Amino acid sequence: MEQYVITFDEIRALLAEQQYSDDDITELEKAFEFARKLHSGQYRVSEEPYIIHPMEVVKILIGLRADKHTLMAGFLHDILEDTDTKPEEIKELFGEDVLNLVQGVTKLGKLQFKSTEERQAENFRRMLIAMASDVRIILLKLADRLHNMRTLNYMTPVKQQRIAQETLDIFAPLANRLGVGKIKAELEDLSLKYLHPDKYYEIAQLVSQKKAEREMTVKLLIDKISKDVKASGINAQITGRAKHYYSIYNKMKRLNVAFHDLYDITAVRVIVDTEKECYEVLGLIHSQFKPIPGRFKDYIAMPKGNMYQSLHTSVIGPRQKPLEVQIRTWEMHEIAEYGIAAHWRYKEKGSRKADSASDIKFSWMRKLVEYNKETKNAEDFVNSVKLDLFSDQVFAFTPGGDVIDLPQGATPIDFAYRIHSDVGHKTVGALINGRIAQLDTKLKNGDIVEIMTSKVSAPRLDWLNFVVTKQAASRIRQWYKKNKREDHIEIGKANLEHELTKTVFDEYVKNGEFDKVAKQMNYVSGDDLFAALGYGETTVNKIINRLRKPPKQEGPANHKPRKASEKDIVGLEGLLYSFARCCSPIPGEPIVGVVTRSKGVTVHRLDCKTLENIPVERLIDIHWSGNNINKTYSTTIRIETAEKMGLLKDIIGVVSDNNTNINSANVKSKGKVGIIELGIELDNIYTLRKVMTALQSMPDVFSVKRIQTSYSHAPQQFTKKNNKPQKKRKKTSS
């Protein structure tokens, strides 16, 4: 067997390069020596000394600029499972924090993923996060998996397939969720190499063959952009790169096309100093190269859930070759590459962004962590992110190993209805971890739940007193609604007779008024309406208001054709035009015109999905003139909030304080989340961003998004001819 000389020298050099303190390096060397001693005589399948694996894990974590305790845990992450070391010894030598990290990684390592179904894969990913009480445990697990994938060639083909599939299903999406793009891309490429080696090597060869041609096209584009950027006084780094292999493979598969039919295999990246410069560079690029409609994405105004921010656009570049361009700031670049780990990097660099809770946030982490504005160093920040990423959820198992995700406080009845309505209806008992349990028992993470059923059983109304999922409550009510329909019809009629008097009620019945109201309220008949009232699904006042004041049609604002003399837009002089209902463009956004057959030109946002189905010859280049002062434009935003009394009033106040009018409001709830859709009128995109930022900074607001199809979210739409409701439109959002 080959002789290895294992020292701390390489690790020390990397730590010094990343500017870890001398004290940190001393403590890390102590952890290294402890792990080396314990793993002495142990070897991997590759016949390398086992200590090489934790060393490689630590190198990956150093690249993420992880804190000292995470690096210590990287050295020690296998010793509880592979040696006789006791937890007390780790705690005594390295502290409780390091012990918790090591135990967390050990606990996750014992979980086995059994199902290949995508829904189950997602639930398993979420359970991994929920059971990791500290987000650093997930980063440790990702680094551990990455090195195992790098050395997968030493495993048998069967193990290679299993581990690669698990990596693609579980760990690559986890890396994406944490925003660690560097690890995600490598995990995906390595998974492809072992799952579909023929495709992997074919793509690698094709990418290599076209490399010179692509590099020349990219160079011409970069030279032109660099010249314009420099002339504008903007300091920028501009690079070109080929997309990673799995991304190419996935696109070929999704679009069902060959490699040669893909036009955006190469991307150009522009990194600048400020957000304002991002938009300035976008304007410079679009002034020199024709943008491809439908391919513009503004992830700065509306970041992805994992904090990713950039401007994406595709243009017809030199030699008529389409190219994708990404524009971002240096801080956005750090977050795109390192995700949540970028927080530690920023803390060390003293970035302003690390000190602002409103600047950096995962939408799904807002419930779980309060960033400490007074935090001055990485270790203090680490202490503030010991969190349960899904603290409001419970993950339980079926006896067959499937993961069922439920809200906190869920019971076996909620579990049963999540499996199937029939299972819920017929439930008579439950076993939790092999023991009989009450049906109102609150489930915990990792519980194995077996539901006992009877063919002659039926749901009980008292279940409504303790179920917490809307699904369970709804199914129970539906069962009683269906099986007690006649009783509910009579109750509903009696309530209306009492309110209207019997004479008036009978007159409405005779004239068929209740049938009309039923259709307006999306019920089939008057009896269905009475049953809904008797059951409590609607109210007497809602019905009477429809009888007395039939709803009037309300159409979306800002979509009537404008006169050609209104020169809001350059490129439409002398033409009749209107703003597209599907995307509601507002000044400041990149736009494009679509020539219609009878209504002049329709103005769309450049990133409008509708453009994907419109022939290029119907598109015309246009842009805002800047003469839009004292004019307002409509759009709709969707706000997800905690359910809290008075919050709607506060939200309306914030919108009004930003000189924005509200023309409609629709409020509903989904579980314990309130959903508010506001139709607003404003002057430009900058006001919209200001409003959305102000709303996002409110403590009880989870997310703020712009809805692309403004008119499809109205509570009800009526035709002009007969004042009847149209069919409910499907919701879309941008």
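A few points about this structure:
- Given (1) at pLDDT 90 or above; (2) within 20 Å of Phe75 (Cα to Cα), number of the condition Gly109 does not satisfy: (1)
- Candidate set: segment 423-442, residues that are in a strand (DSSP E or B), within 17 Å of Asp462 (Cα to Cα) and not small (Gly, Ala, Ser); chosen: the one modelled with the lowest pLDDT: Val428
- The set of residues from segment 544-597 being modelled with pLDDT under 85, under 27 Å from Asn613 (Cβ atoms) and of a type in the set (S, T, N, Q) comprises Asn558, Ser584, Thr596.
- From the list Ile62, Ile6, the one residue that fits, being touching a strand residue (DSSP E or B) at 6+ places or on another chain (Cβ under 7 Å) and not polar (S, T, N, Q), is Ile6.
- Taking first residues from segment 207-218 that are on the phi < 0 side of the Ramachandran plot and partners that are part of a helix (DSSP H, G or I) and loosely packed, with under 12 Cβ neighbours inside 10 Å, the Cβ contacts under 9 Å between residues at least 6 apart in sequence or on separate chains come to Lys210/His260; Glu213/Arg319; Met216/Arg319; Thr217/Arg319.
- Subset of segment 229-273 (residues that are more than 24 Å from Glu186 (Cα to Cα) and modelled with pLDDT under 85): Asp261
- Qualifying residue in segment 420-427 (condition: in contact with a strand residue (DSSP E or B) (Cβ under 6 Å, 6 or more places away or on another chain), crowded, with 18+ Cβ neighbours inside 10 Å and without any contact (Cβ under 8 Å) to a residue 40 or more places away in the chain): yes
- Residue in segment 222-231 that is over 27 Å from the mean Cα position of the chain (by Cα) and within 30 Å of Leu76 (Cα to Cα) present: no
- With respect to (1) small (Gly, Ala, Ser); (2) in a helix (DSSP H, G or I); (3) closer than 24 Å to Met149 by Cβ, the lone exception for Ala16 is condition (3).
- Every condition in (1) farther than 27 Å from Ile340 by Cβ; (2) touching a residue at least 60 places away in the same chain (Cβ under 8 Å) holds for Leu64 except the one numbered (1).
- Sole exception among (1) within 30 Å of Glu166 (Cα to Cα); (2) out of contact with any helix residue (DSSP H, G or I) (no Cβ under 6 Å at 6 or more places or on another chain); (3) touching a residue at least 12 places away in the same chain (Cβ under 8 Å) for Asp84, by number: (3)
- The condition (being under 23 Å from Gly400 (Cβ atoms), assigned by TED's automatic domain parsing to the domain that holds Gly401, at pLDDT 85 or above and not basic (Lys, Arg)) is satisfied by just one residue among Val449, Val468: Val449.
- Extreme residue, nearest to Ile491 (Cα to Cα), among residues of segment 520-531 that are in contact with a Lys or Arg (Cβ under 9 Å, 6 or more places away or on another chain) and surrounded by fewer than 16 Cβ atoms within 10 Å (Cβ to Cβ): Ser525
- Whether a residue is buried (at least 21 other Cβ atoms within 10 Å of the Cβ) and out of contact with any Lys or Arg (no Cβ under 6 Å at 6 or more places or on another chain) was assessed, and Lys86 does not pass this test.
- Spans of helices (runs of 4 or more DSSP H) in segment 454-546 with at least 1 residues within 41 Å of the chain's Cα centre (by Cα) and closer than 30 Å to Ala416 by Cβ: 470-483, 526-535
- Qualifying residue in segment 175-190 (condition: buried (at least 18 other Cβ atoms within 10 Å of the Cβ), touching a helix residue (DSSP H, G or I) at 6+ places or on another chain (Cβ under 8 Å) and free of Cβ contacts under 8 Å to residues at least 24 places away in the same chain): yes
The values are calculated or read from the model by the stated rules, or taken from the named source; none is laboratory data. Just so it is clear, the model here is predicted, and its values are computed rather than measured. Reconstructed Cβ throughout: ideal geometry from the backbone, glycine too, with neighbour counts over all protein chains shown.
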